[in-house]
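Comments concern the structure below.
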Amino acid sequence: MAVNTTTYVRSPSRTSAYLDWLQMLTGVALILFMWSHMILVASVNLGAGVMDALAHFLEKTYMAQVGGPIIACIFLLHFVLAARKVPFRVDQQTTIWKLSRQLRHTDTYLWLIQVVTAMIILIMGSIHMWTVLTDLPIQAAKSAARIQGGFWLVFYLILLPMVELHVGIGFYRIAVKWGFSRRHDRKKYKRFETYLTAIFITIGLVTLVRFLLLKT
């Protein structure tokens, strides 16, 4: 007796497409925010007064008080949207890992790195945002004292590469998924993403050293 082995795959719904679109928009917003955030914090390398002046402007215009909670909501929304496709069950994780090893596809490994870094960022990023937003105003001396305490230095040495890897890979995957990067120039985008990630990690490390050396 013949056995029907046909597998039926459910077609993506319009709702799923809208959620993918929203995930992309929140991802772009967070990428732009993280790059801007890194540049603003790195202003301490030009002098503590420069960072304090920028922080004062953000707080004077209520961009920090209002923008902070908005970014936190976008952060959580983006995680919920992305979690729709994350394998949480052990059997799902085993399957995706086996397939990744069989395929040996770079983009698949990049997606796995995004999943792992997302879990770390969810916890550590939430701690960072809560610590900063509940201890306004933002000041270079205050940030330096926190990092010089020891714990926060290790904390940011872990969080920094996790964020920049996640953001850089996200930038590349958005370009590929939404057609900004075609097959013929995909290597160029990937190389650009690698350089960009390395640059921002370097800026972050230099900034941490600057905070360590800053007199409080």
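Annotations for the structure displayed:
- Test set (1) under 22 Å from SER36 (Cα atoms); (2) modelled with pLDDT of 85 or more - PHE171 fails condition number: (2)
- Of the set (1) surrounded by 15 or more Cβ atoms within 10 Å (Cβ to Cβ); (2) hydrophobic (A, V, I, L, M, F, W, C); (3) at pLDDT below 80, all apply to MET51 but (3).
- With respect to (1) more than 14 Å from the chain's Cα centre (by Cα); (2) touching a residue at least 40 places away in the same chain (Cβ under 8 Å), the lone exception for TRP35 is condition (1).
- Of all positions in segment 188-202, none carries a residue that is modelled with pLDDT under 90, of a type in the set (Asp, Glu) and either exposed (fewer than 14 other Cβ atoms within 10 Å of the Cβ) or part of a loop (DSSP other than H, G, I, E, B) (or both).
- LEU160 in a helix (DSSP H, G or I), touching a helix residue (DSSP H, G or I) at 6+ places or on another chain (Cβ under 7 Å) and at pLDDT below 80: no
- Test: residue in segment 148-156 that is in a helix (DSSP H, G or I), touching a residue at least 24 places away in the same chain (Cβ under 8 Å) and not hydrophobic (A, V, I, L, M, F, W, C): yes
- Extreme residue, surrounded by the most Cβ atoms within 10 Å (Cβ to Cβ), among residues of segment 74-93 that are farther than 13 Å from ALA118 by Cβ and modelled with pLDDT under 70: GLN93
- Residue match in segment 112-121 (condition: in contact with a Pro (Cβ under 9 Å, 6 or more places away or on another chain) and modelled with pLDDT of 85 or more): yes
The values are calculated or read from the model by the stated rules, or taken from the named source; none is laboratory data. Predicted model only: the values in this text are computed from it and were never measured. FYI the Cβ positions are ideal-geometry reconstructions off the backbone, even for glycines, and counts take in every protein chain you see.
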